[in-house]
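Trainee: Sharing a structure, written as structure tokens. Questions coming.
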Amino acid sequence: MDVIVLGEPLVEFSADRALTEAVSFRLSFSGDALNASVAAAAQEARVALVTRVGADEFGERLTGFAAARGVDTRWMTPGEGSTGAYALGADPSGERAFCYMRYGSAASRMDRGDVDRSPVATARVVVLGGITAALSASCADAVRHAAATASGRVVYDANFRSRLTTPEAGAAVLRDVAPHAAVVKISSPGDGEALLGRTDPGEIGRACLEMGAAAVAVTMGAGGVLLAEADGGTTTIPAHPVAEVVDQTGAGDAFTGVMAAWLARGESLPDAVRAGAAAASVNLTGRGGTGRVATPDEIRKLIG
Ligand SMILES: O=C(O)C(=O)C[C@H](O)[C@H](O)CO
């Protein structure tokens with residue numbers, strides 16, 4: 001397996017109005033782990049999503065969607081609890097808003113056994129994230145266990161979500177996983193401010209390197225990505241201008257998935273980051289987490 005992603009796929013109900021007013025929703029499929037898996041599979045990587053879904057219709061639909069997008073679903077296990085879902089709405093300011101329906105979900109019941117039953121020990125790259133660790137104590141343990149099992153091959157997406165966890169708990173997972181990470185992806189100012197109390201991208205990068213990460217990709221939205229490597233220098237990789245941003249949901253996950261796919265096939269880290277940044281810019285032109293997924297050709301054209 002090239003890439004294993006551990007985390008929770010979500011049924012997505014999106015509206016183009018505020019969630020306090022919306023009456024009709026479009027059904028789709030998202031969640032950070034599914035978004036990253038689908039983005040990586042579109043790059044022709046062999047990708048598996050390790051998760052649990054409910055033994056219900058939405059669990060079947062999520063599994064079918066992942067399979068149709070080329071994701072290996074052998075470790076998407078139906079289990080107790082319902083399939084996770086979330087509603088995505090637009091605030092009057094144009095900002096997106098999330099409302100989660102995932103507490104006690106099937107995926108939140110994952111534990112280190114799910115890691116041991118899957119090819120985490122042998123996959124080229126293992127994608128883990130702060131959202132997965134925030135789902136429950138057993139998920140946090142599974143993330144730490146997966147990081148130790150795949151030490152040196154981990155892509156860790158910090159992805160702080162205040163509705164799921166506290167800055168202290170998120171920072172504790174980051175500290176434990178960073179020494180195992182080939183690269184930590186962390187946003188500035190969002191994740192950096194919440195987890196490290198820092199907004200300066202250079203300081204955020206240095207703080208993660210001091211924790212033991214081999215490299216850090218600090219994503220800065222339209223400002224591009226600051227890539228800091230423990231045994232190298234610091235480079236800024238520009239973002240690709242997007243004429244009209246439809247929705248930013250899943251752009252960071254597309255970045256993570258494509259970066260992981262490129263690393264798994266032996267590309268250099270700066271090239272993998274360039275490809276990830278290109279995938280994120282394509283994702284911004286579609287609604288929801290998986291509304292617009294970059295093809296290999298699109299990425300090649302964007303990065304020249
Ligand atoms: O916020 C989450 O936990 C989600 O997975 C929902 C979205 O798909 C995700 O945030 C997009 O990055």
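Trainee: What per residue convex hull volume, in Å³, do the alpha-carbon atoms of region 35-88 yield? Show your work: numbers first, answer last.
Mentor: Values: hull volume 4.0 nm³, N = 54.
Enclosed volume per residue, from the Cα hull, is 75 Å³.
Trainee: Which residue fluctuates the most in the chain, going by a Gaussian network model with Cα springs under 10 Å, if the choices are LEU135, LEU49, LEU34?
Mentor: Answer for the Gaussian network model of the chain: LEU135.
Trainee: How far, in nm, would the chain grow between SER24 and ARG163 when pulled straight, counting 0.36 nm per residue and subtracting the alpha carbon separation?
Mentor: 47.7 nm
Trainee: In the P(r) worked out for the chain, what percent of Cα pairs fall beyond 37 Å?
Mentor: 6
Trainee: Now for a separate question. Say R0 is 30 Å: what FRET efficiency, to the nearest 0.05, do THR236 and LYS301 get from their beta-carbon distance?
Mentor: Computed FRET efficiency for THR236 and LYS301 comes out at 0.90.
Trainee: Sticking with this one: Of ILE237, LEU19, HIS180, which is farthest along the charge dipole of the chain in the positive direction, counting Lys and Arg as +1 and Asp and Glu as -1 at C-beta?
Mentor: Working it through, the farthest residue towards the positive pole turns out to be HIS180.
Trainee: Could you derive backbone 3J(HN,Hα) for region 38-46 from the dihedral phi with the Karplus parameters 6.51, -1.76 and 1.60 (θ = phi - 60°), listing whole Hz in sequence and x where the residue is Gly or Pro?
Mentor: 5, 5, 5, 5, 5, 8, 6, 7, 7
Trainee: Now for a different question. Count neighbours as other Cβ atoms within 10 Å of each site's Cβ, and list the trypsin sites (Lys or Arg not before Pro) in region 1-102 that are DSSP loop with at most 16 such neighbours.
Mentor: ARG17, ARG74
Trainee: Separate question: Among the GluC sites (Glu not before Pro) within region 1-72, which fall in a DSSP loop and have no more than 10 other Cβ atoms within 10 Å of their own Cβ?
Mentor: GLU21
Trainee: Starting at the first residue of region 138-150, write each ³J(HN,Hα) from the Karplus equation 6.51 cos²θ - 1.76 cosθ + 1.60 with θ = phi - 60°, in whole Hz, x for Gly and Pro.
Mentor: So the J values, rounded to whole Hz, are 5, 5, 4, 5, 4, 5, 4, 5, 5, 5, 5, 5, 10.
Trainee: Indicate the gyration tensor shape class of region 157-281 (rounded, prolate or oblate), computed on the Cα atoms with a ≥ b ≥ c the square roots of the eigenvalues: a/c under 1.5 is rounded; otherwise a/b larger than b/c is prolate and the rest oblate.
Mentor: Values: a/c = 1.57, a/b = 1.16, b/c = 1.35.
Verdict is oblate for region 157-281.
Trainee: I'd like to know which of ALA194, ALA169, ALA275 lies farthest towards the positive end of the charge dipole of the chain, counting +1 on Cβ of Lys and Arg and -1 on Cβ of Asp and Glu.
Mentor: Looking along the dipole axis, the top candidate is ALA275.
No value in this document is a laboratory result; all are computed from the given coordinates. In this text, all values refer to a predicted model and were calculated from it rather than measured experimentally. Note: ideal-geometry Cβ built from the backbone for every residue, glycine included; neighbour counts use all protein chains shown.
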